[in-house]
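The block underneath contains the structure these notes are about, expressed in structure tokens.
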Amino acid sequence: MSEQKLYPVKANIADNCLLNDQQYLDMYQESITQPDQFWGKHGSELLDWIQPYTKVKNTSYDPGHVSIKWFEDGLLNVSANCIDRHLQERGDEVAIIWEGDNPEEDSKLTYNELYQQVCKFSNALKQQGVKKGEVVCLYMPMVPEAAVAMLACTRIGAVHSIVFGGFSPEALAGRIIDSNSKYVITADEGVRGGRGVPLKANVDQALENPDCEFVKSVVVLKRTGGEVNWNANRDVWWHDITENQAADCPPEPMNAEDPLFILYTSGSTGKPKGVLHTTGGYLLYATMTFRYVFDYHPGDIYWCTADVGWITGHSYLVYGPLANGATTILFEGVPNYPTSARMSEVCDKHQVTILYTAPTAIRALMAQGDAAVQGTSRSSLRIMGSVGEPINPEAWEWYYRTIGDERCPIVDTWWQTETGGILITPLPGATALKPGSATRPFFGVQPALVDNEGNVLEGAAEGNLIIKDSWPGQMRTVYGDHERFEQTYFSTFPGTYTTGDGARRDEDGYFWITGRVDDVLNVSGHRMGTAEIESALVAHPKISEAAVVGVPHEIKGQGIYAYITLNAGEEASAELHKEVKAWVRKEIGPIATPDILHWAEALPKTRSGKIMRRILRKIATNETDSLGDTSTLADPSVVDKLIEEKSNAA
Ligand code: 6R9
């Protein structure tokens, strides 16, 4: 099997990797057999505690009593761990390199400067009335102030809820309401790929929703100087409230289980869920995975291309790197603007040693061939990572050869918003690589495969990926809905954490993630529930019913294929086609725009009225000779009609 081709353990890495294979195996063994000892030791070595913990793990996956606590009597502060403790030794070293959308704009922030900015902004937030435990919504562009705002929240014990700047006003309003965020932090405009993003205008529009009336203040950062509307009762400029503040602010002692942040993510049903992460376990897990997965050494220049609006931006752009005292690059733009060589150019310009990006970006660059590396050397790179979706072996090989010049090990890191940090991944210097495999579990992680009945599959097998026991970075609950938490993650295969992903394990015990087994799409690494897109579609006044399925897409991984039935009397037209696409952009955001609309007279339903997605998936991918049993449909003739209509789908 070609996928069994093994890549060298080390590639070009000198002999100074943090771990070798045997050390990984020994540590893994200890982490599973003696979790209290293992995490107790690493927790005190890797983090600074205001009050040390005496208890380590206290977790239960028992149905009806799911409860996850780590280090529950310890006190610490995240911003102090990410900033203060580095000041004495490396206060003048660079914490954040900012690279603008425009290649001519960049800046650097040392740890000392970061400390001052965070303290000042913490004091400003306090003055605005933000209290410990309150939720602050961030709707920010990719500028250093996004990290400053996150860290300031953690400093005063506020809980941040970041909403990706690409989400629409409607989506933003929904998250503000669900999380009860009385404060919103934003900017006048963002800039991406040469285009402006009207962040403040979107906030204004979101807050027109009468259910957002409780919002007390909107802090606005001046990024572009573009024109904005101003509500003097509510809006304040970032610079106005910050400039006269003291550059000191004592870090609030937080319990390890105090909420740290909420981040909304899509599931297979209902509205996006507010994933809640807490302080101690999350920070330790982000810190430790960052250190070992990227083989971090002082002096490394680390670049993660994710946006702070996603979990990768939380754990591996901000918290993991800064807790390790690393230099992290925050990039405002996109990997292929102004040219497809941009990513490689940024690597050369800042002498990046560790690069962490997504398969969708790799595939988009791969489509440009050598233009993606034209005129660059990338010789500073030593480790490259991938995250967000399965990386196909072709893209892996291209990344390895063309970007990394066959020198750099690739860490294909599998994890989720819910897991807080990386769960399955190679470790540089320790794990032999197979293109397309996320390989082996990180410390403390016990993955297993089960069939649909929940029977555990041993050896080489394929099935549903579950995790048998808790790790410190695990989410603690769905904000405001613990029952939904239990229902979603602990009821399908009771006593275990259900990931929603399928996986295969090969003869060497390596894991190959095959993708979601539920109705969740992964479009360019962005997670979206089919139900979410469908409910946006049916909210359109002319649409009667909608069903959404994923179809393979060369660059995006998956594309969105939407079946739509119109209300009686409505006609499909080119105009309506445009209107429906624009509607979804408005309801959710550009990332949810369907790629293909299929005007359907009717959808295939069982006699009990359930839409048969299996059939819709097959029709969308032209696999009509393997439709399977259609006799259970209320009206089997619907299928032929759908196949006929397909020629007009666009
Ligand atoms: C970190 C992040 C989670 C879903 C996850 C899976 C897919 C992420 C992957 C991967 C294969 C990888 N996924 N990394 N699939 N290989 N290395 O992406 O979180 O946005 O919550 O998405 O993404 O399907 O379940 P999130």
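Each value in this text was obtained by applying a stated rule to the coordinates, not by laboratory testing. Bear in mind the structure is a predicted one, so any value in this text is a computation, not a measurement. Counting neighbours? That spans all protein chains shown, and the Cβs are built from the backbone with ideal geometry, glycine included.
Mind scanning Lys273/Lys618; Lys542/Lys618; Lys69/Lys222; Lys349/Lys586; Lys556/Lys605 and naming the pairs with a C-alpha gap bigger than 31 Å?
The pairs that break the limit, which is 31 Å between Cα atoms, are Lys69/Lys222; Lys349/Lys586.
Starting with the highest mean, order 390-399, 42-51, 308-317 by the number of other Cβ atoms within 10 Å, averaged over the residues of each peptide. The partial results should precede the final answer.
Working: 390-399: 20.0, 42-51: 16.4, 308-317: 25.0.
For the peptides 390-399, 42-51, 308-317, the packing ranking is 308-317, 390-399, 42-51.
Obtain the nm distance between the two label points defined at Lys578 and Glu645 by a simple spin-label model: each point lies 7 Å from its Cα along the Cα-to-C-beta direction.
The two pseudo-label positions are separated by 2.3 nm.
Between Glu208 and Asp481, what's the calculated FRET efficiency when r is the beta-carbon distance and R0 is 25 Å? Round to 0.05.
According to the calculation, E is roughly 0.45.
Quick one: if the Förster radius is 35 Å, what FRET efficiency do Ser535 and Ile50 give, using the C-beta to C-beta distance and rounding to 0.05?
0.20
Along the Cα→Cβ direction, 7 angstrom out, place labels at Lys586 and Asp348. What is the inter-label distance in nm?
With each label placed 7 Å out from Cα toward Cβ, I get 4.5 nm.
For the chain, what's the relative contact order in percent, using C-alpha pairs closer than 8 Å and at least 6 residues apart?
14 percent
For a quick check: with amide H placed at 1.01 Å from N, whose amide H comes under 5 Å from Leu221's, ignoring anything fewer than 5 positions away on the same chain?
Answer set, sorted by chain and number: Thr186, Ala187, Asp188, Trp238.
Which number comes out as Rg/Rh for region 524-649 once both Rg and the Kirkwood Rh are worked out on C-alpha atoms?
0.95
Take the Cβ-Cβ distance between Asn231 and Lys131 as r, set R0 to 25 Å, and report the resulting FRET efficiency rounded to the nearest 0.05.
Calculated transfer efficiency: 0.65.
Determine the gain in length on full extension of the stretch Leu6-Ser491; use 0.36 nm per residue of separation and subtract their C-alpha separation, reporting nm with one decimal.
That pair, Leu6 and Ser491, stretches by 170.8 nm at full extension.
Okay, which of region 520-544 sit inside 17 Å, backbone N to the point 7 Å along the Cα-Cβ direction of Ile611?
Only 520-522, 528-544 pass the distance filter.
Report the gain in length on full extension from Ala247 to Gln29: 0.36 nm times residue separation, minus Cα-Cα distance, nm rounded to one decimal.
Contour length minus the Cα-Cα distance gives 73.9 nm.
Antiparallel DSSP bridges in region 524-649: what percent, to the nearest 5?
Percent antiparallel among DSSP bridges in region 524-649 is about 75.
Based on Cα positions only, what radius of gyration and what Dmax would you give for region 472-520, in angstroms?
13.3, 43
To check you understand DSSP bridge types, tell me what percent of the beta bridges within the chain (both residues inside) are antiparallel, rounded to 5.
Numbers: 60 of 99 bridges.
Close to 60 percent.
Length gain on complete extension for the stretch Asp62 to Glu458, per 0.36 nm per residue less the alpha carbon to alpha carbon distance?
Length gained between Asp62 and Glu458: 140.2 nm.
Per-residue ellipticity at 222 nm for the chain, helices alone: DSSP H runs ≥ 4 residues times -39500 (n - 2.57), over residue total, nearest 500 deg cm²/dmol?
-8000 deg cm²/dmol
Ranked highest first by the average count of other Cβ atoms within 10 Å around their residues, in what order do 214-224, 284-294 fall? Mind dumping the intermediate values first?
Working: 214-224: 19.1, 284-294: 26.6.
Highest to lowest by the protection proxy: 284-294, 214-224.
Select from region 533-569 those GluC sites (Glu not before Pro) which occupy a DSSP coil region and have at most 13 other Cβ atoms within 10 Å, ordered by residue number.
Loop-located and lightly packed - Glu554.
Using the Kirkwood formula over every pair of different C-alpha atoms, what hydrodynamic radius in Å results for region 82-234? Can you show the working numbers first?
Details: mean 1/r = 0.0620 Å⁻¹.
About 16.1 Å, per the Kirkwood formula over Cα pairs.
Given the convex hull over the Cα atoms of region 271-319, what projected area results after averaging over all orientations, in nm²?
The Cα convex hull of region 271-319, projected and averaged over all directions, gives 4.1 nm².
Beta carbons within 10 angstrom, averaged per residue: use that to sort the peptides 496-502, 84-90, highest first.
Values: 496-502: 21.4, 84-90: 15.1.
Result, highest mean Cβ count within 10 Å first: 496-502, 84-90.
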